Amino acid sequence: MKIYLSAVAALALLGACDQTSGGAFDRPLGSELDNGNFGNATMNNHLVQTGQNGLTINLQRRFASEVESTVNFAFNSAQLDGAARATLTTQANWIKQFPEVRFKVFGHTDLVGSNSYNRRLGLRRAQAVVSFLASQGISRSRLEAVVSFGEEQPVVATQSMERRNRRTITEVSGFVDGDGTELNGKYAQVIFREYVTSAVPPTGVTAAQSISEGADGG
């Protein structure tokens, strides 16, 4: 009985510490969102079991660090404005470098309106992004607009209209036709291709031009 009471007291103390000293209750809203590591549970289970999870997370972190993964929308709209199109053009250019990789687009809304309506609106936003990326030459087989989170994951907790909550997020979701057996080879292809590209001389002067110019004198 004493052991049981001690355990309960310890749990209560840990709970109090978590709420008062920087625990989960004190984290800023959205601090665990848009970090490149979330997705639906079925997808994550598949990635873990096939060995794709680590590589997928690494590529997603790189994607999010090198390009803007989020675009925002006007109220009650799934139309892409100029800023969104510019961001998505940059995303498309990045995605083209990695033909081995698949992507998912998650749609979000603010807290105005019903949850069912906002889920449909969020999905339309994700579909608009997928359509634009496809128009930039990305195969639709590598892009998926998933059932949106609707209003369930706000960046800013407010019942009012909030542009930062009206967004889509593009994420790496896995590898094309990957079953786990050839992933290391695919990832090696990505790294090797980038290595070869990085070895290209920074100038357009060829060896023949250099010899010719040397013969002609200074």
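Quick notes on this structure:
- Selection count, segment 111-130, where residues are open to solvent by 20 Å² or more (accessible area, probe 1.4 Å), in contact with a Leu (Cβ under 9 Å, 6 or more places away or on another chain) and within 28 Å of K96 (Cα to Cα): 1
- Residue in segment 81-101 that is hydroxyl-bearing (S, T, Y), within 23 Å of F175 (Cβ to Cβ) and at pLDDT 90 or above present: yes
- Counting the residues of segment 38-78 that are at pLDDT 70 or above, among the polar types (S, T, N, Q) and either under 14 Å from the mean Cα position of the chain (by Cα) or more than 16 Å from S148 (Cβ to Cβ) (or both) gives 6.
- In segment 131-140, the residue that is surrounded by the fewest Cβ atoms within 10 Å (Cβ to Cβ) out of those that are touching a residue at least 40 places away in the same chain (Cβ under 8 Å) and part of a helix (DSSP H, G or I) is F132.
- Restricting segment 141-178 to residues that are charged (D, E, K, R), out of contact with any helix residue (DSSP H, G or I) (no Cβ under 6 Å at 6 or more places or on another chain) and not in a strand (DSSP E or B), the residue that is modelled with the lowest pLDDT: D177
- For segment 58-92, filtered to residues that are open to solvent by 70 Å² or more (accessible area, probe 1.4 Å), part of a helix (DSSP H, G or I) and not polar (S, T, N, Q), the residue that is nearest to L123 (Cα to Cα) is R85.
The values are calculated or read from the model by the stated rules, or taken from the named source; none is laboratory data. Everything numeric here is computed off the predicted structure, so don't read it as measured data. Neighbour counts are summed over all protein chains in view; Cβ atoms, including those assigned to glycine, are modelled from backbone coordinates with ideal geometry. The accessibility values were calculated without ligands, DNA or RNA, using every heavy atom of the protein model including side chains. Shrake-Rupley method; radii C 1.70, N 1.55, O 1.52, S 1.80 Å.
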